[in-house]
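For reference, the structure discussed in these notes is given below.
The values are calculated or read from the model by the stated rules, or taken from the named source; none is laboratory data. Note that this is a predicted model, so its numbers are computed, not measured. Ideal geometry is used to build each Cβ from the backbone, glycine not excepted, and the neighbour counts take in all protein chains shown.
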Amino acid sequence: MKGLKDNTIKSVWTWFFETLKPIYTENELKSIRRILFEHFFHITEKDIILEKQIRLTETDIVRVIKAIKKLENQVPIQYITGKAYFLEYVFDVNSDVLIPRPETEELVIFALNRINSNLGGHENIKILDIGTGSGCIAIAMANKIPTSVVTAIDKSKEALDIALVNSKKYGDKVTFVEFDIFDNSQMLDEYDVILSNPPYVLESEKEFMQRNVLEYEPESALFVFDNDPLVFYDEIISKAKSGWLKKNGLLLFEINEKFSNHIADLFHRYGFVDVHINKDIHNKPRFVSGILKA
């Protein structure tokens, strides 16, 4: 515990920051510290500013030390706390599922807007989430549209176990199914809306990614081979066309910004109309959607 003066919260708060300062940017570290102390001890930054006289026990300090060791090894803070924020929800996560991203929050908002404008409202629509992971998309959609019937699929049983835990916290409104979209022996119903955030990061892009992603998040949910980058999009659009999506139904994807035009072309090739490419908050083309022509 080199550098720790005493067990007061202010000392531990400062020591935590100074210990990890060589590894993280100031903003990253402030965010990590805030999340960790609120999660472990329900202590906020306001408590520190007001100089509340809080002392941590030896057991508490051991918890902080263990967290520091994980953070020194670039373990994502979400996997340390087991929690990730998505819209107004808090989801359980572990290394079997991707940590939900802000871009995927945007996908849900984008989907809600297109449902309003293209499907004439929300009443009793059937929604399918492909590659659900933690269940964040499906659970958010089910709660945002209470009259909807939502199904979520994933080929990973471990991911579905986490999704089920999350679903129970928010009304248990989603049906989860272990399903491989490349297994043609499996069947699905017809849906009004299909959403997916499939793997889209190229293998060649690994060198530009941070260690906390590469070493801890599930590769199968992130990466595609450079020689077949649209494999998931092609398969899903094909299946949507061949019976998974109702006529005049809506299909929406989160995408790799490099392939927005290629994916839009796939939509057109399979008979979709009103195809939109939308940008994310960083002004990058991140979403493609379309309507299956009747």
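Here are some notes:
- When F182 is tested against (1) exposed (fewer than 14 other Cβ atoms within 10 Å of the Cβ); (2) within 20 Å of D92 (Cα to Cα); (3) in contact (Cβ under 8 Å) with a residue 40 or more places away in the chain, just one condition goes unmet, and that condition is (2).
- Of residues in the stretch 257-294 being within 24 Å of the chain's Cα centre (by Cα) and of a type in the set (S, T, Y), the one surrounded by the most Cβ atoms within 10 Å (Cβ to Cβ): S289
- Just one of (1) in contact with a Pro (Cβ under 8 Å, 6 or more places away or on another chain); (2) not in a helix (DSSP H, G or I) fails for G171. It is (1).
- Qualifying positions in the stretch 26-37 - under 15 Å from I68 (Cα atoms) and out of contact with any Asp or Glu (no Cβ under 7 Å at 6 or more places or on another chain): E28, L29, K30, S31, I32, R33, I35, L36, F37
- Some residue of the stretch 232-249 being farther than 18 Å from L195 by Cα, free of Cβ contacts under 8 Å to residues at least 40 places away in the same chain and in the same structural domain as I130 (by TED's automatic domain parsing): no
- Set E88, E190: member being among the acidic types (D, E), within 30 Å of H39 (Cβ to Cβ) and at pLDDT 95 or above: E88
- Residues located in the stretch 190-222, provided they are in contact with a Lys or Arg (Cβ under 7 Å, 6 or more places away or on another chain) and either charged (D, E, K, R) or over 29 Å from I115 (Cβ atoms) (or both): E190, D192, L214
- Checking each residue in the stretch 40-58 for being under 30 Å from the mean Cα position of the chain (by Cα) and part of a loop (DSSP other than H, G, I, E, B) picks out H42, I43, T44.
- The residue of the stretch 1-39 that is nearest to the chain's Cα centre (by Cα), among those that are under 24 Å from Q210 (Cα atoms) and of a type in the set (D, E, K, R), is E28.
- Taking the numbered list (1) assigned to a loop (DSSP other than H, G, I, E, B); (2) more than 21 Å from N278 (Cα to Cα); (3) touching a residue at least 40 places away in the same chain (Cβ under 8 Å) in turn, I162 passes all entries but (1).
- Counting only strands (runs of 3 or more DSSP E) that sit completely within the stretch 59-133, those holding 3 or more residues that are of a type in the set (A, V, I, L, M) correspond to 126-130.
- Among (1) of a type in the set (D, E, K, R); (2) without any contact (Cβ under 8 Å) to a residue 40 or more places away in the chain; (3) over 25 Å from V150 (Cβ atoms) - the single one R211 does not satisfy: (2)
- Test: residue in the stretch 101-118 that is touching a strand residue (DSSP E or B) at 6+ places or on another chain (Cβ under 8 Å), at pLDDT below 90 and under 26 Å from A140 (Cβ atoms): yes
- Here F110 qualifies as assigned by TED's automatic domain parsing to the domain that holds P146 and buried (at least 18 other Cβ atoms within 10 Å of the Cβ).
- Count of the stretch 1-21 residues, restricted to those that are assigned to a loop (DSSP other than H, G, I, E, B) and farther than 26 Å from Y85 by Cα, is 7.
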